[in-house]
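Following: one structure in structure tokens, then a few remarks.
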Amino acid sequence: MKQLSAMSATGFEQACAELLARDGFRRPKRVGGAGDLGVDITVRDDEERLLIVQCKQYQSPVGSGHVQKFNGTARPHHGADLPIMIALNGFTQPAIDFAQHHQLILMGRPELKRWAHGEHLYDVLGIQSTTR
């Protein structure tokens, strides 16, 4: 986790893309940057589901406004089957409440730690897959 904390924002996104590749996701593509419209990584799973991933390396928990913005683009603009927001230092309670209401998947520090230490993303997040 110290390594993830010390990375640049681009490095953090790249590390998440590499973890997705490690887990067998197909064609991970890092697209983050200015004008990314709320997507840092796109990837498909074995069932052809599209994961749209937004990575936040903030020093404090991510607030509801960022989660609302992600919600506004993940499915309507990018066509996400599984919209996932990863935050190095977690989320505020209003952000968590909003995400639950809108069926967004949030990954905070405890889940990120498990994922970085070798658990498959879907196992960490409790996502069902017929091919695993």
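Filter the range 67-81 for residues that are out of contact with any Phe, Trp or Tyr (no Cβ under 9 Å at 6 or more places or on another chain), open to solvent by 20 Å² or more (accessible area, probe 1.4 Å) and closer than 25 Å to Leu4 by Cα and give the result. Please lay out each step first, then the result.
Kept after step one, since they are out of contact with any Phe, Trp or Tyr (no Cβ under 9 Å at 6 or more places or on another chain), are these residues of the range 67-81: 69-70, 72-81.
Okay, now just the ones that are also open to solvent by 20 Å² or more (accessible area, probe 1.4 Å), so 69, 72-73, 75-79, 81.
Matches in the range 67-81: Lys69 only.
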Open item on the list: Please go through the range 1-12 and give me each residue that is surrounded by 13 or more Cβ atoms within 10 Å (Cβ to Cβ) and assigned to a loop (DSSP other than H, G, I, E, B), ordered by number.
Closed with: Met7
- [ ] Name the single residue, out of those in the range 13-56 being surrounded by fewer than 21 Cβ atoms within 10 Å (Cβ to Cβ) and among the polar types (S, T, N, Q), that is nearest to the chain's Cα centre (by Cα).
- [x] Thr42
Open item on the list: Would you confirm whether or not the range 83-90 contains a residue that is out of contact with any helix residue (DSSP H, G or I) (no Cβ under 8 Å at 6 or more places or on another chain) and either crowded, with 19+ Cβ neighbours inside 10 Å or basic (Lys, Arg) (or both)?
Closed with: no
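The values are calculated or read from the model by the stated rules, or taken from the named source; none is laboratory data. Values in this document were obtained by computation on a predicted structure and should not be read as measured data. All Cβ positions, glycine included, derive from the backbone under ideal geometry; neighbour counts span all protein chains shown. Ligands, DNA and RNA are excluded from the accessible area calculation, which covers all protein heavy atoms including side chains. Shrake-Rupley method; radii C 1.70, N 1.55, O 1.52, S 1.80 Å.
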